[in-house]
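Shown next, in structure tokens, is the structure this report addresses.
Each value in this text was obtained by applying a stated rule to the coordinates, not by laboratory testing. Just so you know, these numbers come straight off a predicted model, no measurement behind them. Positions of Cβ are backbone-derived with ideal geometry, glycine not excepted, and every protein chain shown enters the neighbour counts.
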Amino acid sequence: MTSRGSWKTVTHDWSATVDHDHLADIRARASTLAPDLAHLVLEVLAYAAEEAEARGGGRAVVTHHRDGTVSVADDGRGTDTRPDGGRAVRKPIMATRDVRFFDTPEPPVLPDGVARRGMSVVAALSTRLVHLNRRADGAWTQAYERGVPVTGLDPVPADGSTGTTVTFLPDRTLVPLTSLGPDQLRRVAGAFGGQMLQVVVHLADGDE
């Protein structure tokens, strides 16, 4: 069995746990990297869309809760998680940079016209974020505050499904106070139309 130090970096450096300088840089450039809440939702949906493309189709549910948190749940394979020395290690997508988007001068652009930078932007600009992933061989959850892990990678009971759920509360000192109304949220979800991802919207009042 190989150790994490030898795992190939495709999107993130497996040898890292948290990159404090990277997270601080995101927060310093918040208005450029994520000008509003809608962009944070698009960053999460972009990963769900990748999973759907890899599997030939998929579904994501976006929920805007009454307390201001947003959840995006997909039915993909679940964030890559591997055994290392008797413990599970999950790809550090929340606390380190995605090399595809931070190590290139021209990252891809999301439907709102803002460059895609990855999940660390969502984590760094959230006062709290919970990352739950379910894979065929296990399920785990971990909480973050402003991108920094504040719990361990804790196993949770399997329920027979696979996928990833990201629930985050934007930092209102850095992300504009505009809320996602029904029409805007549906437009954000519809921005991925034409791809293999079906997006369903749930609002705080229960409407869809």
I'm told Ala88 meets every condition in (1) closer than 21 Å to Thr165 by Cβ; (2) within 18 Å of the chain's Cα centre (by Cα); (3) of a type in the set (A, V, I, L, M) except one. Can you identify the failing condition by its number? (2)
When restricted to Thr32, Thr9, Thr17, the only residue closer than 18 Å to Arg128 by Cα, out of contact with any Gly (no Cβ under 8 Å at 6 or more places or on another chain) and of a type in the set (S, T, N, Q) is Thr17
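Please work out which residue is surrounded by the most Cβ atoms within 10 Å (Cβ to Cβ), limiting yourself to segment 132-159 and to residues that are in contact with a Phe, Trp or Tyr (Cβ under 7 Å, 6 or more places away or on another chain) and in contact (Cβ under 8 Å) with a residue 24 or more places away in the chain.
Asn133
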For segment 38-60, give me the residue count where each residue is touching a residue at least 40 places away in the same chain (Cβ under 8 Å) and within 19 Å of Pro108 (Cα to Cα). 15
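Restrict the check to segment 153-160 and report whether at least one residue is in contact with a Gly (Cβ under 8 Å, 6 or more places away or on another chain) and under 22 Å from His64 (Cβ atoms).
No: segment 153-160 contains no residue that is in contact with a Gly (Cβ under 8 Å, 6 or more places away or on another chain) and under 22 Å from His64 (Cβ atoms).
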Based on what the data block shows, is Leu153 farther than 15 Å from Leu42 by Cα and touching a helix residue (DSSP H, G or I) at 6+ places or on another chain (Cβ under 8 Å)? no
